[in-house]
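Just so it is clear, none of the values below were taken in a lab; they were calculated from the coordinates. All figures in this text were calculated on a predicted structure; none of them were measured in a lab. Here the Cβ positions follow ideal geometry from the backbone for every residue, glycine too, while neighbour counts run over all protein chains shown.
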Amino acid sequence: MEIIAILLFISILVLILYGYPVAFTLGGLSVIYAICFIDPVNYSAIPPRLMGIVTNYVLIAVPLFIFMGIMLERSGLAESLLETMAILFGSVKGGLAISVVLVGALLAASTGIVGATVVTMGLISLPTMLKRGYQPELATGTIAASGTLGQIIPPSVVLVLLGSVLNVPVGDLFKAAIVPGVLLVAMYILYILVAAHLKPEIAPVIPAEEIKAFKANDFLRKLIVAFILPLLLIVAVLGSIFAGIASPTEAAGVGALGAILLTIQQGKFSLSILKEVMQETTLLTSMVFMILIGATVFSFVFRQLEGDLFLIELIQESNLSTYAFLFMVMFVVFIAGFFIDFIEIIFIIVPLVAPIFIVLDVDLIWVGILLAINLQTSFLTPPFGFSLFYLKGVAPDSVTTQQLYKGIIPFLVIQAVILLLVAIFPKMLL
């Protein structure tokens, strides 16, 4: 039975890599194995599990956060933020790149959707950075790395899904993610400052006349609209969670409403925009939940075939230390991130290793944060990093793939350092 369970896992991975839809591969192949190898008496346990997913109160946060992110993308707020931030830091060497990092962090705390953030930042800031003489490597690396901050900075869809799979409070994951998220932003900015100081030509300052002209034209109102209002939304969402006033699901509802109000305030709201946002939200939510339903069937069949017991025995008999097993899992997740999406990794790999972490008495909040940072890193890793594909798709023809790959390397090193720090010093999450 254990061999059949491993065969199920391998056959699913092969079919996914071959290009079959993940949700239907997970569920369909698991059902075929169940019919062939599991006692029919156990089939009755599947429907309650599926109903448990679609009625899960915590998972209602997923469509609400997705809606909030897409609506904010449509609001044009990112453009206002970048314009204002660029002027604020314009006199600093690398100031425009620093403003991209800060806007990326604010969008991450507002949306949590990597693809939307990278594309938006790429369309708005990359042409501006190149026009102002920024080195293409620094410009693309900064945008790609900043766009993936939504993987770790709450409210993150990744953290919501990890909380569901690991069966830990999403609010606790949000709190634990604050320090690594802030550290990543700080390290990005530090790298940009050092690089711009050593080679001023790769990140020129904005001319003083341009800064003066922008500030002379109702600068305070621009600052409030572009910076304060999104900040209030972030405080309303995260503050209500951390203060214990609202659950992540309730806070996601507040965020969705706040995103609509900000879009109205920006003068970009219309029924056609609302319809587009709702359609995209429905599409993404349906994808997530279909994968989750397929993964639940797979998890049930895998356990019925005693695959989880086999893995636990294998780890125990191999006498792997906790850190050795953790390293092995992180390595597998990192490599898997080259080929399959983070949602698939969360629903296929994480449920298999979670029981082993429980047996080893490992803090699952800590594991969840390590996985989130790892998944963020896989988004940036050449040659298959999804963030790089998103950016290349909207970059001017003058920007080469080689420049993209070279530009992202320093940011990958920074992420590896943060991952290592969190692994060695888990108490920093407190």
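FRET efficiency for the I178 to L257 pair, using the beta carbon distance and R₀ = 25 Å, is estimated at 0.60. Per-residue Karplus couplings for the stretch 240-247, computed as 6.51 cos²θ - 1.76 cosθ + 1.60 with θ equal to phi - 60°, are listed in order as 5, 6, 5, 7, x, 6, 9, 6 Hz, Gly and Pro entered as x.
Springs between alpha-carbon pairs under 10 angstrom, Gaussian network model over the chain: which of L257, L314, L13 fluctuates most? The residue with the greatest mean-square fluctuation here is L314. What the phi angles of the stretch 282-292 give under the Karplus curve with 6.51, -1.76 and 1.60, with θ = phi - 60°, is a coupling list of 4, 4, 5, 5, 4, 4, 4, 6, 5, 5, 5 Hz, glycine and proline written as x. The label-point distance for A216 and V54, in a model that sets each label 7 Å from Cα toward Cβ, rounds to 6.3 nm. Seen against the Cα atoms of the chain and their longest principal axis, helix 61-75 is set at about 20 degrees. Modelled label positions at I358 and V332, each set 7 Å beyond Cα in the direction of Cβ, lie 1.7 nm from each other. FRET efficiency for the pair K275 and T400, taken as 1/(1 + (r/R0)^6) with r the Cβ-Cβ distance and R0 = 41 Å, rounds to 0.60. Using a simple spin-label model with points 7 Å from Cα along the Cα→Cβ vector, what separation in nm is obtained for S44 and I4? Result for the modelled spin labels: 2.1 nm. Helix 157-166 and the longest principal axis of the Cα set of the chain meet at an angle near 20°. For the chain, the longest piece that avoids every one of the chymotrypsin sites (Phe, Trp or Tyr not before Pro) found in DSSP loops with at most 15 other C-beta atoms within 10 Å covers 58-337. On a 0 to 90 degree scale, rounded to 10, what angle separates helix 136-147 from the longest Cα axis of the chain? Helix 136-147 sits roughly 50 degrees off the main axis of the chain. Relative to the Cα centre, the charge distribution of the stretch 2-429, modelled as +1 at Lys and Arg Cβ and -1 at Asp and Glu Cβ, gives a dipole magnitude of about 1220 debye. Which one of T84, T285, S299 has its Cα pushed farthest toward the positive end of the charge dipole of the chain, where Lys and Arg give +1 and Asp and Glu give -1 at the Cβ? Checked the options; the winner is T84.
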